[in-house]
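Engineer: Sharing a structure below in structure tokens format, with a few things to ask.
The values are calculated or read from the model by the stated rules, or taken from the named source; none is laboratory data. Since the structure is predicted, the reported quantities are computational estimates derived from the model, not experimental observations. As a convention, Cβ positions derive from the backbone with ideal geometry for all residues, glycine included, and neighbour counts pool all protein chains shown. Heavy atoms of the whole protein, side chains included, go into the accessibility calculation; ligands, DNA and RNA do not. Shrake-Rupley method; radii C 1.70, N 1.55, O 1.52, S 1.80 Å.
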Amino acid sequence: MATEDGGRKLRRDAGLISLLFASVGGIVGSGWLFGPLYAAKIAGPASLIAWIIGGAAVLLLSFVFAELVTAFPRAGAMVVFPKLSHGSFIAMVMSWTVFLGYVTVAPAEVLAVMKYAHNYLPTVVPEGGADSIVGFIEAAILLAIFVGVNFYSIRWVLQVNNVVVWWKLAIPTLTVIVLIVAGAHFGNLTARGFAPTGSKGVFSAVATSGIVFSYLGFRGAVELAGESANPRRNLPIAVVGSVLIAVILYCALEIALLVSVDPKYLVHGWAAFTFKGVAGPFAGLAELLGLGWLAVLLYIDSVISPAGTGVIYSTATARVLYAVGKEGLMGEWLATLSDRGVPVVGVAVTFVVGLIFLFPFPSWQKIVTYISAATVLSYGIGPAVLLTLRKNLPIDHHPRPFTLAWPKLVSGLSFIISNLIIYWSGLKTDSWLFGMLAVFFVIYMVYELTTKGSLSHLQWRGAWWLIPYFAGMWLLVYLGPTDLVGGHNLIPYPFDHVVVAAFSIAILALAVASGMPDPEEARATILTPEPELLGPPPAE
């Protein structure tokens, strides 16, 4: 699609169903194939509470982003938003976080396909995923397919995704119904205690079993905001609607897994339970129940669901890189588009970096725990952006197409819960994440010094609060209880959660105070509704 000056730009081909399905397609991927199993092993039947907590946390974030994406519908939204409220330097820093969370999703989906495939192709697909030469080569081929689809136009990608999502919704729904009827071991919900590992197990399951990883698929519509045909109407429905669908579906899947397990496999408790075919848990359970036909469908879905999610996340990752180049945060070459309006450089970089991440994270559960922490860290800035823009672009003078009621309450709660999810991810994961960000920061500082001779041109005012934020979060995990986060037991449970909440509110206040007092770019680009569409102001 050409601009008036002959250049190229992203096409606005994404309608309501395409945006909704982009988010639903991101949510219903490998998470449904493995998340309920790992959640049950960590928290037992109380894993249901973990799914509800995770869904509530992401739903709060989705409300925040519903306002932001409708007011500023631009590609690579997660990079653009902090730039509008706090300047280009913080956008640069957050782009690293966003990228680290996004680029690893397609490899995670590849590992999911391989893990299920080991059940029916044990001599072809290694059990350990990508931790062997053969496994790595197979993973690289699958990743190339997932990412390579994105060289086609966004309209083609979304049309294919729309078809795939119907399948991805139908198979889990069928699985829920059949397993509950065929299994019906409802005594499993209480026989060994509803919460055998207590509240700590529930909190750990939220961050480390794939729950948050699954729900965060709602961001598909957020990243495609710049390609929406009618963002004012479509984006709030797509963002919030996808999360609500996911909460219902995943709670039903957890119940199906819990009640379909034969009690004889639970003699040593939920943490130790296993059975033949556990590498592909739902298909394995179907085979144990004599439901061979369902097992076949699930093995087919174990390719389709992860592939659909891998494609959508590759789409989103390429557009994050496009936004980094388009917004002038790094080289403009990152914003290179093909004749079809595809960010080709972003697609290529997504494949190469995704391949590299298979080395430190060769298994599904390891990589999704890291993804959850990195992505929540990047999305956690949304509440700070919203409150800053509400302060410096008040709705009385700059009304939004979608206006969030009770913004301070919703933003505060969502920021606290986001930080708790990062906290629950544990010391090893958080040390790796914050360590990577520190390395990127040093490299960027050296680059700026060598190319421009100083650091005074950087917009420190809007970014300085990230230093106490990141350092403080790591320190809290380091001081936390060993049996929950792997810390050093200097802040006991549950007082550690009170400290994290208080720290979050203090950081949020610093973030809002550090925003640009006159956000010119935000004011110039905000999308406002027609006067006749304005209703009464929302509750504050």
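Engineer: Surrounded by fewer than 19 Cβ atoms within 10 Å (Cβ to Cβ) and touching a strand residue (DSSP E or B) at 6+ places or on another chain (Cβ under 9 Å): does that describe S338?
Structural biologist: So S338 passes the test.
Engineer: With A271, A307, A256, A279 as the choices, which residue is of a type in the set (G, A, S), under 29 Å from the mean Cα position of the chain (by Cα) and under 17 Å from I177 (Cβ atoms)?
Structural biologist: Result of the check over A271, A307, A256, A279: A256.
Engineer: Return yes when V499 is of a type in the set (A, V, I, L, M, F, W, C), in contact with an Asp or Glu (Cβ under 7 Å, 6 or more places away or on another chain) and either assigned to a helix (DSSP H, G or I) or within 30 Å of S88 (Cβ to Cβ) (or both) and no when it is not.
Structural biologist: For V499, the condition - of a type in the set (A, V, I, L, M, F, W, C), in contact with an Asp or Glu (Cβ under 7 Å, 6 or more places away or on another chain) and either assigned to a helix (DSSP H, G or I) or within 30 Å of S88 (Cβ to Cβ) (or both) - is not met.
Engineer: Is it the case, given these coordinates, that A91 is open to solvent by less than 10 Å² (accessible area, probe 1.4 Å), over 22 Å from L389 (Cα atoms) and modelled with pLDDT of 85 or more?
Structural biologist: When the stated conditions are applied, A91 does not pass them.
Engineer: Moving on. Can you tell me which residue in the range 458-486 is most open to solvent (accessible area, probe 1.4 Å), limited to those that are outside any helix (DSSP H, G or I) and either of a type in the set (F, W, Y) or within 18 Å of V206 (Cα to Cα) (or both)?
Structural biologist: Of everything passing the filter in the range 458-486, W464 is most open to solvent (accessible area, probe 1.4 Å).
Engineer: Check the range 148-166 and report whether any residue there is surrounded by 20 or more Cβ atoms within 10 Å (Cβ to Cβ) and modelled with pLDDT of 80 or more.
Structural biologist: Scanning the range 148-166, I find no residue that is surrounded by 20 or more Cβ atoms within 10 Å (Cβ to Cβ) and modelled with pLDDT of 80 or more, so the answer is no.
Engineer: While we're here: Would you pick out the residues in the range 475-507 that are of a type in the set (D, E, K, R) and modelled with pLDDT under 95?
Structural biologist: D483, the sole residue that qualifies.
Engineer: Right, here's the next one. Mind checking whether some residue in the range 52-69 is modelled with pLDDT of 85 or more, open to solvent by 10 Å² or more (accessible area, probe 1.4 Å) and farther than 30 Å from P399 by Cβ?
Structural biologist: Yes - at least one qualifying residue is present in the range 52-69.
Engineer: May I pose another question? Residue by residue through the range 377-416, note down the ones that are of a type outside the set (F, W, Y), within 15 Å of L476 (Cβ to Cβ) and not in a loop (DSSP other than H, G, I, E, B).
Structural biologist: If the condition is that a residue be of a type outside the set (F, W, Y), within 15 Å of L476 (Cβ to Cβ) and not in a loop (DSSP other than H, G, I, E, B), then L377, I416 are the ones that fit.
Engineer: Considering the range 81-139 alone, what residues qualify as being farther than 18 Å from F359 by Cβ and of a type in the set (K, R)?
Structural biologist: Within the range 81-139, K83 is the sole residue that qualifies.
Engineer: Further, regarding this structure: Any idea which residue in the range 296-313 is surrounded by the fewest Cβ atoms within 10 Å (Cβ to Cβ), counting only those that are farther than 17 Å from N162 by Cβ and of a type in the set (S, T, Y)?
Structural biologist: Y299
Engineer: Kindly evaluate T190 against the criterion of being surrounded by fewer than 23 Cβ atoms within 10 Å (Cβ to Cβ) and modelled with pLDDT of 80 or more.
Structural biologist: Answer is yes for this residue.
Engineer: Quick one: is F275 open to solvent by 10 Å² or more (accessible area, probe 1.4 Å), touching a residue at least 12 places away in the same chain (Cβ under 8 Å), over 30 Å from L68 (Cβ atoms) and among the aromatic types (F, W, Y)?
Structural biologist: Considered against the rule, which asks whether it is open to solvent by 10 Å² or more (accessible area, probe 1.4 Å), touching a residue at least 12 places away in the same chain (Cβ under 8 Å), over 30 Å from L68 (Cβ atoms) and among the aromatic types (F, W, Y), F275 comes out as yes.
Engineer: Going by the conditions given, is G284 surrounded by fewer than 21 Cβ atoms within 10 Å (Cβ to Cβ), in contact (Cβ under 8 Å) with a residue 12 or more places away in the chain, within 25 Å of the chain's Cα centre (by Cα) and outside any loop (DSSP other than H, G, I, E, B)?
Structural biologist: no
Engineer: I want to confirm something. Restricting to the range 398-438 and keeping residues that are basic (K, R) and farther than 19 Å from V485 by Cβ, which single residue is modelled with the lowest pLDDT?
Structural biologist: R400
Engineer: So if I check each of F357, F361, F351, which one is open to solvent by 10 Å² or more (accessible area, probe 1.4 Å), closer than 18 Å to G101 by Cα and at pLDDT 85 or above?
Structural biologist: One residue alone meets the criteria, F351.
Engineer: With at pLDDT 85 or above, surrounded by 24 or more Cβ atoms within 10 Å (Cβ to Cβ) and closer than 23 Å to I367 by Cα as the only criterion, which of A140, A130, A106 stands out?
Structural biologist: When all the criteria are applied, what remains is A106.
Engineer: Answer yes or no: is there a residue in the range 337-354 that is more than 25 Å from S18 (Cβ to Cβ) and small (G, A, S).
Structural biologist: Checking the range 337-354: not a single residue is more than 25 Å from S18 (Cβ to Cβ) and small (G, A, S).
Engineer: Go through (1) in a helix (DSSP H, G or I); (2) at pLDDT 80 or above; (3) β-branched (V, I, T) for T274 and report which single condition fails.
Structural biologist: Against the list (1) in a helix (DSSP H, G or I); (2) at pLDDT 80 or above; (3) β-branched (V, I, T), T274 comes up short only on (1).
Engineer: OK, next. Quick check on my filter: what residues within the range 339-376 are in a helix (DSSP H, G or I) and among the charged types (D, E, K, R)?
Structural biologist: Listed by number, the list holds a single entry, K366.
Engineer: I'm trying to understand the selection: among the residues of the range 388-445, which are aromatic (F, W, Y) and open to solvent by 50 Å² or more (accessible area, probe 1.4 Å)?
Structural biologist: Within the range 388-445, F402, W406, W432, F440, F441 meet the criteria.
Engineer: Within the range 200-264, considering only helices (runs of 4 or more DSSP H) that don't extend past its boundaries, which have at least 1 residues that are at pLDDT 90 or above, open to solvent by less than 20 Å² (accessible area, probe 1.4 Å) and among the aromatic types (F, W, Y)?
Structural biologist: Counting at least 1 such residues, we get 231-260.
Engineer: How many residues, within the range 170-187, are within 16 Å of G29 (Cβ to Cβ) and either crowded, with 18+ Cβ neighbours inside 10 Å or of a type in the set (S, T, Y) (or both)?
Structural biologist: Final tally of qualifying residues: 4.
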